Every structure is written in structure tokens, then in C-alpha cells.
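Taking it in order: structure first as C-alpha cells, then the write-up.
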């Protein structure tokens, strides 16, 4: 090939490559140029769409998925007969709410405690129980079927050890994760470490991400 | 004469008897406490640190008290982020290393509280040890912000 042609085609080739590279970024072929943050748990990307469900809130009203829309929801599954781990986690969530409030990140957040023990946790009991930990907290429960459907979608495990002779004094094995539901009612993150400072820092990181 | 010799011999032995492991008091019980109960909460838990000052391993076999319908020894097992609370038959208290009953771990489970646990109040529990026998403690009820996890959230790992 004559040398003059190389000088002609080389710049053209380079220019085409550059345009291609630019287009590939611009067309969103590399949408994750922002490194996903490391959190104490799992960031769900893209956020997981959840099928609708029907729970019963602390006032005895139906609680559907649309109640999650328009705000971030910290979600925790447990039961009020739990003497130790559930109160601890709710205390930590109560502190998280105070941190977020101090940082003006709390206007658009909700906190929901879902009891997986509907036999003993009647709605009114849930209301009194959750309000003790923080006035913003709400409680809900549901039929065994609806609870199972929701928990399964969210990766929450629980098992009622209903073997007590009197049918009352049983315990429940359950996942201890705190879940974060995004304003589109999708699962966005799973927090496996419940220190309020860690959860607050992780929540800030998630807020800074581009919308999904 | 023989008798006197024996007496002398046994008297000599007394100071060399190892720490009185079989006697009550060989287990020291430090800071027994419980967290106040949230409204509508039916159950509670009591925590404390057991220190074996004797020479032999001892076991806490049971706890009892008027505070709740049933009092049991429990532990928590954390498996794949699933918390499993289980009854245990006994809690070992080995010499040299304190056994800590704490949130998220070993605890005395108070099932069916007869009345709510109120911060600032105390209630008695009777502990029965295999070797040290029975001893009574006063459990102090702390507010909801009582140091939750002095072990740095180990149970969440």
C-alpha cells in the first residue's frame, strides 16, 4: 500500500473508532460507569419488582404494594413475642430514623415491621408495639398465604415452630435482614448489618446513585 | 497418739484444699439485667455474666422466678442471616472464662410476663447450678436504650 494512503486511512480509522467509542458511552452501552457502592449487605441492581400483595396494617386496613410508592421504606420481618432480636433491630432502626432526621434525609422515608406471626400478633398489638420504638414506625401482618408470598419474593425466610403443647408459646425462626424498598415499590437493598450508622451511610450511598 | 497425728495431718491439708468449687459462691454473678418490655410484648429476656471462681466447670441448669409464667434457658443460633432461638438444657460456666448472657446470644427467656418490665425496677430470679447449687439474684430492668450490643454487633455478622 502506498504510504500516502496509510496517512489518509489511519486518521479516518482513528476518527471512526473515537466516534464509535463516544457513541457506545452515549447510547448507554456502559451505563454502570458509576461503580456500585459497597454496602453492608446487598445492593439489588436492577431493583427487583415485587408482585402485589395484601397485608393488614395496624389499624386493620388493607395494605397493598402501592403504599410503598413515593417513598423509601425500611422493612423488617419479625414477631412481637420475640424477646431479644426483634426489639434490638427495631431499636437500631429507631436510631437510624433519628440519624436520617438530623441529616434531613427522613422526609421521604417509612419504616414497616411485618409480623410473620399473625396468629398472635393482632393488628392492634402491632400498633402499640411499633409506636414504642419510634412514632414513625408502622406495623402490618397478613394471612399465612400472603405473608409467605411476599417473604418469598423478598428472600425472607421464616418458620413457625408451632410445636408447643398449648399452641401459644412457640418461637419463630426468621431472617434478620432489614430490606430497603425504593419509591417505585421495588426491592433495592438488603442490609445484613444493623448498626444505625452503617445503615445511614449505606442509605446515603444509595440515594446518590443515578435513578434506576 | 495415732488420732492426734491424723488430726494434725488433716489440719495441715486444709490450706491446700483447692478453691471450693463445690460450694455456693464459686459462681459470681455480675450485672444481671433485662430490658424494659415494649407495650404488648408478652415475653422478655434476662442477661448477666457468670464467672466461675472455682476450679471445676459448672453448669447453670435452670432459672425460675415469679416474673413470668415460664422461665427457660435459651440461646440464639445465627445461620445464613436467619435467627433461630432454641431452648438449651444447661449453660456451661467454665473456670477462667466468663460466660456472658447477652442480647443476640445466650439468655434467660421470660415467657409470659406477668406484668410489664419497667425500667428502674428489679425482680428476683433463682438460678440453680449443678455444683454451686441455688442462688438468688436481683435483675435490674434497664430502659430501652440500654447498651444493646457491647460486643460490637457480633450477632449480626
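Every read-out reported here was derived from the displayed coordinates using simple, explicitly stated rules and does not represent laboratory data. Small disclaimer: the values here were computed from a predicted structure and weren't measured. Quick reminder, even Gly has a Cβ in these numbers, built from the backbone with ideal geometry, and neighbours come from all protein chains shown.
A few notes on this one:
- Highest average first, the peptides B:98-105, A:114-121, B:65-72 ordered by how many other beta carbon atoms sit within 10 Å of their residues are A:114-121, B:98-105, B:65-72.
- Antiparallel content of DSSP bridges confined to segment A:75-180, in %, to 5: 45 percent
- Neighbouring Cβ atoms from other chains, within 10 Å of the Cβ of residues in A:89-99, number 2 on average.
- Cα gyration tensor category, rounded, prolate or oblate, for segment B:45-130 with a/c compared to 1.5: oblate
- As an equivalent ellipsoid, segment A:35-208 spans semi-axes of 26, 17, 16 angstrom, where each value is the square root of five times an eigenvalue of the C-alpha gyration tensor, largest first.
- Taking every residue in A:169-180 and counting other chain Cβ atoms within 10 Å of its Cβ, the average works out to 4.
- Per-residue mean of C-beta atoms belonging to partner chains within 10 Å, peptide B:77-84: 6
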